[in-house]
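Heads up: the structure comes next, in structure tokens.
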Amino acid sequence: MPPVPYHHLYMNLQGKRIVWGVIVFGTVLYLVIALFVARDTEGSLGEKIQSPLVMGLYLAAAASFLAANMVPRTLAAWFVVSLALLETVAILGLVAALVLSDWRLILAPWLLSMAGFIRLWPARE
């Protein structure tokens, strides 16, 4: 199969905004899922955050956030790759919330991914 020409990978401003909106909406759904499924808020949040599993997930989320900010803009699909890495941040927070049944564990990674999404809002071509 021949390589895809670069101009076929180009996305206009409206297309970028649609993709952005769909992925951001998906991460909002992750937060809603955590709120309804992970309802056990007994115990200290600090103790849950210090568990090795949560620390590892949060570290992976931070690494994904940093990677999303370092995707080279020369890459044809840099925008979609950055959005996917930011969505990973929220997914890792969802995993922490579901495994320990505490919806509060998704808040930090989710807010971090939202900060990244706001930074990536396609304002112009």
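Could you tell me whether any residue of segment 41-62 is surrounded by fewer than 16 Cβ atoms within 10 Å (Cβ to Cβ), more than 14 Å from GLY116 (Cα to Cα) and in contact with a Lys or Arg (Cβ under 6 Å, 6 or more places away or on another chain)? Within segment 41-62 (the criterion being surrounded by fewer than 16 Cβ atoms within 10 Å (Cβ to Cβ), more than 14 Å from GLY116 (Cα to Cα) and in contact with a Lys or Arg (Cβ under 6 Å, 6 or more places away or on another chain)), the answer is yes, since at least one residue qualifies. In segment 5-18, the residues that are at pLDDT below 55 reach residues that are surrounded by 13 or more Cβ atoms within 10 Å (Cβ to Cβ) with C-beta atoms within less than 8 angstrom, at least six apart or across chains, in these pairs: TYR6/ALA76. Filtering LEU98, LEU105 for residues that are over 17 Å from LYS16 (Cβ atoms), in contact with a helix residue (DSSP H, G or I) (Cβ under 6 Å, 6 or more places away or on another chain) and not hydroxyl-bearing (Ser, Thr, Tyr) leaves a single hit, LEU105. Being more than 12 Å from the chain's Cα centre (by Cα) and outside any helix (DSSP H, G or I) is a description that applies to ALA123.
So which residues in segment 49-102 are in contact with a strand residue (DSSP E or B) (Cβ under 9 Å, 6 or more places away or on another chain) and free of Cβ contacts under 8 Å to residues at least 60 places away in the same chain, if there are any at all? Lay out the reasoning, then the answer.
At the first step, the residues of segment 49-102 found to be in contact with a strand residue (DSSP E or B) (Cβ under 9 Å, 6 or more places away or on another chain) are 96, 101-102.
Once the filter is applied, which keeps residues that are in contact with a strand residue (DSSP E or B) (Cβ under 9 Å, 6 or more places away or on another chain) and free of Cβ contacts under 8 Å to residues at least 60 places away in the same chain, segment 49-102 yields only ALA96.
Pairing each residue of segment 105-119 that is of a type in the set (A, V, I, L, M, F, W, C) with any residue that is outside any helix (DSSP H, G or I), provided the two are 6+ apart or on different chains, yields no C-beta distance under 6 Å. In segment 74-89, which residue that is open to solvent by less than 50 Å² (accessible area, probe 1.4 Å) and over 11 Å from the mean Cα position of the chain (by Cα) is nearest to PHE25 (Cα to Cα)? The extreme case among them is PHE79.
The values are calculated or read from the model by the stated rules, or taken from the named source; none is laboratory data. As the structure is a computational prediction, the values presented were derived from the model and not from experiment. In this analysis, Cβ positions are derived from the backbone assuming ideal geometry, glycine residues included, and neighbour counts consider all displayed protein chains. These accessible areas exclude ligands, DNA and RNA; they are computed on the full protein's heavy atoms, side chains included. Shrake-Rupley method; radii C 1.70, N 1.55, O 1.52, S 1.80 Å.
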